[in-house]
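To start, the structure itself, in structure tokens.
Since every read-out is calculated from the coordinates, none of them should be taken as a lab result. Remember, it's a predicted structure, so these values are computed and weren't measured experimentally. Ideal geometry is used to build each Cβ from the backbone, glycine not excepted, and the neighbour counts take in all protein chains shown.
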Amino acid sequence: MTATIIDGKVVAAKVRERIVAATAKLKAEHGIVPGLATVLVGNDPASEIYIRNKGKTAKAIGFNSFHDTLPAGASEAAVLAKVKALNADKSVHGILVQMPLPKQVRDEAVLDTLDPAKDVDALTPYNAGLLLSGRAHLVSCTPAGVMMLLKEYVGDIAGMEALVIGRSLLFGKPAAQLLLAANATVTMAHSRSKDLPMLARRADILVAAIGRPEFVKADWVKPGATVIDVGINRVDAGEGKTKLVGDVDYEAAKEVAGAITPVPGGVGAMTIICLMHNTLIAACAQNNLPLPTAL
Ligand SMILES: NC(=O)c1ccc[n+]([C@@H]2O[C@H](COP(=O)([O-])OP(=O)(O)OC[C@H]3O[C@@H](n4cnc5c(N)ncnc54)[C@H](OP(=O)(O)O)[C@@H]3O)[C@@H](O)[C@H]2O)c1
């Protein structure tokens, strides 16, 4: 059996169309233009590319896009002052402080300062708590994107066994909560879990967010399962070149799985569009308007 390839670009394009239409309507009917502000501390080249792409996508959708770069040596107080200024700026509905931060700036100090209403990465304890309570409207972008892919390609996942490998605040924990809320039976695994292959073979939905290239092998995959590969790993491709691979041995796993996300072009394609969706939701929520749905 060869798996259905889950095309993140197609789903992202569909969500994008809806966001563009909802943004135009928001402007025409209420005079509101969603504003996304990004903050980069330092000049990490990968972070610069991410930030540039976020700004470009925001503008193309019809949002206002704001950006500040602070020097790599900026003090924590200077970063917090910037976040406070953006919290107070009414034209800014969403704030994204690019991680990782330099070591003199504590992640938790930034997250404790960020207004949860503008926390479009959904990393603040307040938004994490709302997710746990089943009341979140801002949900971490990559897990939100994964749920959209499952909705499109699997449909109702009630009663299915889901395994999430990885327990980060950014992905694993919110992904497990969303799968649980969709009535899957959820297991979370991590670096101390025993017999990962056995846990994986039970999973109707196998989600890998580990950060290790091709770690999940084809013989871990239950025949017909849906495999969601969140990993993005740059590896040597020979002749001085590099390539991106996921956390799953894709070529072999796609012969066993029922459906699988490629890397790139799967989960990664959803993340930026979910950030835009969160910004639109934040703009509506801050103006007491009904919240848009993505799909
Ligand atoms: N597609 C996207 O847009 C997107 C977005 C976010 C992340 N990512 C990618 O997804 C991957 C994970 O990201 P992250 O931020 O969640 O990473 P992270 O914070 O480094 O977390 C990795 C998780 O994997 C677990 N792990 C590590 N080695 C393991 C092993 N041998 N067996 C089982 N579990 C193991 C760790 O367990 P412990 O907790 O026990 O250490 C941890 O929970 C990375 O490749 C990242 O680039 C992609």
Separation in nanometres of the label points that stand 7 Å from Cα toward Cβ, at A77 and D44: 2.5
In percent, what relative contact order does the chain have, based on Cα pairs under 8 Å that are 6 or more apart in sequence? 22
Which stretch or stretches of region 257-284 have amide N atoms under 17 Å from the point lying 7 Å from K217's Cα along the Cα→Cβ direction? 257
In debye, nearest 20, what is the charge dipole magnitude of region 1-117 about its Cα centre with +1 on Lys and Arg Cβ and -1 on Asp and Glu Cβ, if you could check? 480
For T4, other-chain or 5+-apart residues with amide H closer than 5 Å (H placed, Pro excluded) are A259, I260
What distance in nm lies between label points placed 7 Å from Cα along the C-beta direction at E251 and K14? 3.1
Counted charge near V110, where neighbours are those whose Cβ lies closer than 14 Å (Asp, Glu -1; Lys, Arg +1): -3
Quick one: compute the contact order of region 1-63, relative version, from alpha carbon pairs under 8 angstrom and 6+ residues apart, as a percent. 38
From fewest to most C-beta neighbours within 10 Å, the residues M188, M270 line up as M188, M270
Longest principal axis of the chain (C-alpha) makes with the long axis of helix 141-153 (C-alpha) an angle, in degrees to the nearest 10, of 50
Over region 119-251, what relative contact order in percent results from Cα pairs under 8 Å that are six or more residues apart? 19
Whole-Å distance linking the alpha carbon centroid of region 255-295 with that of region 35-59 is 18
Okay, which of region 179-217 sit inside 15 Å, backbone N to the point 7 Å along the Cα-Cβ direction of E152? none
By how many nm would the segment from E239 to M1 lengthen if fully extended, with 0.36 nm per residue of separation less the alpha-carbon distance? 82.4 nm
At R0 = 51 Å, how high is the FRET efficiency between A21 and L132 if r is their beta carbon distance? Nearest 0.05 is fine. 0.95
When the chain is treated as a GNM, springs tying every alpha-carbon pair under 10 Å, which of V92, V235, V207 comes out with the largest mean-square fluctuation? V235
Residue among V97, T2, A21 farthest towards the positive dipole end of the chain, charges placed on Cβ: A21
Is it possible to state the helix-based mean residue ellipticity at 222 nm for the chain, with each DSSP H run of 4+ residues giving -39500 (n - 2.57), the sum divided by total residues, to the nearest 500 deg cm²/dmol? What is it? -12500 deg cm²/dmol
5 angstrom amide H check on V186, placed H, neighbours 5+ away: A162
Per-residue counts of other Cβ atoms within 10 Å, averaged by peptide: what ranking do you get for 223-232, 168-177, highest first? 223-232, 168-177
Need the full-extension length gain, E29 to D107, defined as separation in residues times 0.36 nm minus the C-alpha distance. One decimal, nm. 24.3 nm
Relative to the first principal axis of the alpha-carbon coordinates of the chain, what is the inclination of helix 172-181, with its axis defined by its Cα atoms, in degrees from 0 to 90 and to the nearest 10? 80
Gained length - R192 relative to A85, 0.36 nm times residue gap less alpha-carbon distance: 34.4 nm
